[in-house]
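Trainee: The structure's right below; bear with me while I get my questions together.
The values are calculated or read from the model by the stated rules, or taken from the named source; none is laboratory data. These numbers come from a predicted model, not from an experiment. No Cβ is skipped: glycine too gets one built from the backbone with ideal geometry, and neighbour counts run over all protein chains shown. Side chains are part of the model used for accessible areas, which takes the heavy atoms of the whole protein and leaves out ligands, DNA and RNA. Shrake-Rupley method; radii C 1.70, N 1.55, O 1.52, S 1.80 Å.
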Amino acid sequence: MTRAGASDRTDNAGAAGEDGTHRRRNDHGEHGEHGEHDADDRCSAHAATGRHGYSKDKDAHLKRLRRIEGQVRGLQRMVDEDVYCIDVLTQVSASTKALQSFALQLLEEHLRHCVAHAAQEGGAEMDDKVEEATAAIARLLRT
């Protein structure tokens, strides 16, 4: 079941529809609203602790994301004000690096929390978490 404007990608990454709602393919390849599944369905560490790997530093993460959002808004202003191309590209590079740095920190926390918990559990869950983390790393490398 897909909505108009949804990404037709076949991976399990989130996609934004025309209305900006983020959606994620479920295990059956169908799109659902982001958050439609309980986090417990995807992460036994969350089910056991009630927290995601990033939860302990959530305030710092939100502060960092607001700073990055400010950088992107600065890009909009630069274009609106007809700033020299190279100066805009320099700011694009800084914004991109800031997002990549945030992604790496989030990935590390995921590995230490969710993947480590799955490794302690063993079995299919461990294999699933390693596969999921590997796919996330591959997506990061493509950017």
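Trainee: Ranking request for peptides 101-114, 77-90, 129-142: highest mean number of other beta-carbon atoms within 10 Å first, then the rest in descending order. Spell out each step's value before the answer.
Mentor: Details: 101-114: 15.9, 77-90: 11.1, 129-142: 13.1.
Answer by packing, highest mean first, reads 101-114, 129-142, 77-90.
Trainee: Which percent of the accessible area of region 54-143 is formed by carbon and sulfur heavy atoms (probe 1.4 angstrom)?
Mentor: 57 percent
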